[in-house]
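Let me begin by presenting the structure, written as structure tokens, before commenting on it.
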Amino acid sequence: MTLKSWQFINIFLAALVTGVFWGPWLGLSRSIESFSPEIFLAIGQRMIGNLAPIMPILMPAAILSTVPVLLMSFRRRSTTFYLTLAGFGLLVVALLITLLVEVPIDDRIKTWTLESLPADWQAARDRWEKFHVMRTFASVAGLALLIAGAVFESPPHRKDG
């Protein structure tokens, strides 16, 4: 496969991941503090149930699809390589936030009922939201860098001598 083919696959998968983060932030998370416990649990548990089967496949696929782009552009030391490397790093940051912060909170939320809602549920919600914003913008910036790497390709740097 060619570099352009891998870039297409990589950008497409990264766009799907970024959309999963961007959409809820734009449509729900910015007003999450106004949700009653019933609404918070209904939306949160539905989203967790819908995304849990997909994201463990989609996120690693998006990140791993960056590797061929990096390998193919490494020798040339072009703008493509450096922008893609930076985008890759931000997608890894988004994955780490997901695994280390968001999923553990999601695992708690999916077991809650109105009767078993802990007294500190709002603190958990607020922590999830704070890290969701970080994850969303790391993903958005990572996607932008992947696109820039594909669009703004420079000639390779040559070593003289």
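The values are calculated or read from the model by the stated rules, or taken from the named source; none is laboratory data. Keep in mind it's a predicted model, so treat the numbers as computed, not measured. FYI the Cβ positions are ideal-geometry reconstructions off the backbone, even for glycines, and counts take in every protein chain you see. With ligands, DNA and RNA removed, areas are computed over all heavy atoms of the protein, side chains included. Shrake-Rupley method; radii C 1.70, N 1.55, O 1.52, S 1.80 Å.
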Before I look further, what does the stretch 30-161 give for accessible area per residue, probe 1.4 Å, in whole square angstrom? 57
Give the accessible area for L100 in Å² (nearest 10); use a 1.4 Å probe, count only protein heavy atoms, and leave out ligands, DNA and RNA. 130
Just the accessible area for M1, please: 1.4 Å probe, Å², rounded to the nearest 10? 140
So, relative contact order of the chain in percent, Cα under 8 Å, 6 or more apart, is 40
Karplus 3J(HN,Hα) series, Hz, for the stretch 107-112 with 6.51 cos²θ - 1.76 cosθ + 1.60 (x for Gly, Pro): 4, 6, 4, 5, 9, 6
Distance (nanometres) between label positions extended 7 Å along Cα→Cβ at V67 and W121: 4.2
I need the Debye-formula profile for the stretch 1-62: one equal scatterer per C-alpha, no solvent, reported as log10 I(q)/I(0) at q = 0.15 1/Å, two decimals. -0.57
Using a 1.4 Å probe over the heavy atoms of the protein chains, calculate the carbon and sulfur portion of the accessible area of the stretch 5-161 as a whole percent. 69
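Taking a 1.4 Å probe, which of D120, D106 shows the most accessible area, and what order do the others take after it? Provide the component values of the computation, followed by the final result.
Numbers: D120 80, D106 35 Å².
Accessible-area ranking of D120, D106, largest first: D120, D106.
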The chain: most fluctuating residue of A123, A15, A61 per GNM, C-alpha cutoff 10 Å: A123
Enumerate the helices in the chain for which the Kyte-Doolittle hydropathy averages 1.0 or more and the C-alpha atoms extend at least 20 Å along the helix's axis, using complete DSSP H runs. 3-27, 79-97
Area accessible to solvent at S29, 1.4 Å probe radius, in Å²: 10
With a cut-off of 14 Å, note down the residues of the stretch 118-153 whose backbone N falls inside the zone around a label point 7 Å from the Cα of K4 toward its beta carbon. 150-153
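Using DSSP to define loop residues, name the trypsin sites (Lys or Arg not before Pro) in the stretch 29-86 whose beta-carbon has at most 16 other beta-carbon atoms within 10 Å. Walk me through the numbers on the way to the answer.
Numbers: sites: R30, R46, R75, R76, R77; in loops: R75, R76, R77.
Here the sparse-neighbourhood loop sites are R75, R76, R77.
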Cα Rg, Dmax (largest Cα-Cα span) when computed across the stretch 6-161, Å: 18.6, 74
Rank S31, S139, S116 by mean-square fluctuation in a GNM of the chain with C-alpha springs under 10 angstrom and give only the top-ranked residue. S116
